[in-house]
1. Among 100-109, 330-339, how do they line up from the highest to the lowest mean number of other beta-carbon atoms within 10 Å?
2. Tell me the Kirkwood hydrodynamic radius of segment 158-272 in angstroms, computed as one over the mean inverse distance between distinct C-alpha pairs.
3. Output the antiparallel fraction of DSSP beta bridges having both residues in the chain, as a percent to the nearest 5.
4. Multiply the residue separation of residue 426 and residue 164 by 0.36 nm, subtract the distance between their alpha-carbon atoms, and state the gained length in nm to one decimal.
5. Can you check what the Kirkwood hydrodynamic radius comes to for segment 52-299, Cα pairs only, in Å to one decimal?
6. Return the calculated 222 nm mean residue ellipticity for the chain, to the nearest 500 deg cm²/dmol, obtained by summing -39500 (n - 2.57) across DSSP H runs with n ≥ 4 and dividing by the residue count.
7. Taking only the C-alpha atoms, wrap a convex hull around segment 329-445 and report its volume per residue in Å³ as a whole number.
8. In terms of modelled amide H atoms, which long-range or inter-chain residues lie less than 5 Å from the amide H of residue 143?
Amino acid sequence: MTSAVIDIPSQSAADRGVPAVVGAALRVPLVTGGHIGYANLDHAASAPCLAAVQAAVDELLPWYASVHRGAGFASQVCTRVYEGARETLLDFVGARRGDEVVFTRNTTDALNLLARAVPRGTSVVVFDSEHHAALLPWAGPRVRRLSAPESPAAAVAALDEALADCPEGPRLAVLTGASNVTGELWPVAELARVARRRGARTVLDAAQLAPHRPVRIGELDVDYVALSGHKLYAPFGAGALIGRADWLNAADPYLAGGGATRVVREQSVSWTTGPERHEAGSPNTVGVHALARACQTLAANWDGVIAHEEALLRRLRAGLRHVPGVRELRLFDADHDRVGVVSFTVDGQDPGLLAAALSAEHGIGVRDGLFCAHLATRRLLARAGADAERAVRVSVGLGTTPEHVDRFLTALRTLVTDGPVWRYEQRDGRWSPADDPRPAPDFLR
C-alpha cells in the first residue's frame, strides 16, 4: 500500500495579497509514505494563527504581568494593552457610543453570558438553524424556536410573526451572520429592522461572519455582537460580547470573584459596573491582545481577504458540481451570497470515511458530522434527499491556496470513483486508518 508522493509547492500568502498565517509551510505524513503540504480546509472550526498575531504575542510575552491593580511598570503596560484592546474591538464592529466590550472565552461563553443577563421575563426568539452556541443558552417558557427558513424573506416574515405573538415585556431575537453549516449570509439588517419595530433587541452570532466580512453594529442596527478569537485567526482563548451596557450592568456578575467587586464586607458585596462586572478573575491578557491584533489586521485588508476567499469558493463549488453524487446543503437559493463554507454529501459514501481518507492519503483536513448544529444539519440533509446521517464540510480561509482546493477536488473524485487505497476501521464511531504508520510530531513523542 505505497505510492509516490508528488509535492506541489504552496503559493505564499504574500503572493496572494492577503495576511500570512502561521503553519502555511506545514507538512504532514501520509499513510502511503512521505509527506505533503497540509491543505487546511477546516477554517470554519478553528482558523490558523495570523503571522501578525504571533508577532504581537511574542512582543507582549516579556512584559506579561497582572492587569488593573499592579503597581509595577510591566503591569501598567499590560493594563494599557488590555484596555486598549477594548477600543480596537469597538472600532472593529463599528460600535455606538456607550457600547461596551466584555471579554470572554469564545462565542459560546459570550452568548451564555448574555443569556444570564437578560431581564427576567424576556421573550427570546431563535431559529433552530443556529449553531448550538446560539441555540442552547436560552431556556424557559418564553423561548420560541423557529424552523429553518427556506428563503431570506421567509426568515424575516417568521421573525416578524413570532415577535408579534410574544407577550408583553422585554424581547430578544437571536440572529446569525453566516451559517455554520452552509456559509450562507443571513439578512441581518432586515431581521434587525423587524425586531426594532416589534420592540425587541437583537444579538448577532458573528462567529462565522466576522473572520470573512466586516461587521458593523451601527449599520446592521443590532444590539449585541458575539465573536470568537479562534475563528478570527487568534487562537489564544479569547472572545467578546459587544453591545449595550444597561442589561449587563443590571445583571448579577457572570462570575463571582476578584475584579468584579467594588467593596467586599463580611455581610455584603458591592459589585462594580462596566465590563469588569462580568470579567472576574485574572483575565486572558495574551488572548485579548491577540484578538485585537487579528481584528486590526483583518480590518486593514478586507478587500484582499474577500477577493481571495470568493475566488476560492467559486473554484470549490464549480469543482464539486463535477463530482458524481454530490448533494450540497443549503438553506436558500444556490446563488445566495455566502462565506467560504460548503457542506455536502456524496450518494453512497460515508462522510466520515471520506474525511479520514482525505486526511490519511492526501494530507487534506476537512470536517464531517453535524457541526454542532444538529437540528439544522439534519433538516438540511433531509431537504437535500441525502442518504447519509452526517455531512462533509469544507471551509476555506486565509491559509487556503488554489492548489489546496484543486487537490481536494481531485482526491474526492478519486475516492468516490475508485475508493480508498488504505484499509480503515471504526473506533468509537470514527473512521481511522488501520495500522496507521504516520508518526506523531516530535513534540508529542
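Read-outs: derived from the displayed coordinates by stated rules, not from any lab. In this text the structure is predicted, and so the values were computed from the model without any measurement. Don't worry about glycine lacking a Cβ; one is built from the backbone with ideal geometry, like all the others, and counts go over all protein chains shown.
1. Values: 100-109: 23.5, 330-339: 16.7.
Ranked by mean Cβ neighbours within 10 Å, highest first: 100-109, 330-339.
2. Working: mean 1/r = 0.0616 Å⁻¹.
After inverting the pairwise mean of 1/r, the radius is 16.2 Å.
3. That works out to approximately 65 percent antiparallel.
4. Details: separation 262, 0.36 × 262 = 94.32 nm, distance 4.93 nm.
That works out to 89.4 nm of additional length.
5. Numbers: mean 1/r = 0.0537 Å⁻¹.
Hydrodynamic radius (Kirkwood, Cα only) of segment 52-299 equals 18.6 Å.
6. Numbers: 14 runs with 155 residues, N = 445.
The per-residue figure over the chain is -10500 deg cm²/dmol.
7. Details: hull volume 17.2 nm³, N = 117.
Each residue corresponds to 147 Å³ of Cα convex hull volume.
8. Amide H to amide H, under 5 Å and 5 or more residues apart or across chains, residue 143 pairs with 124.
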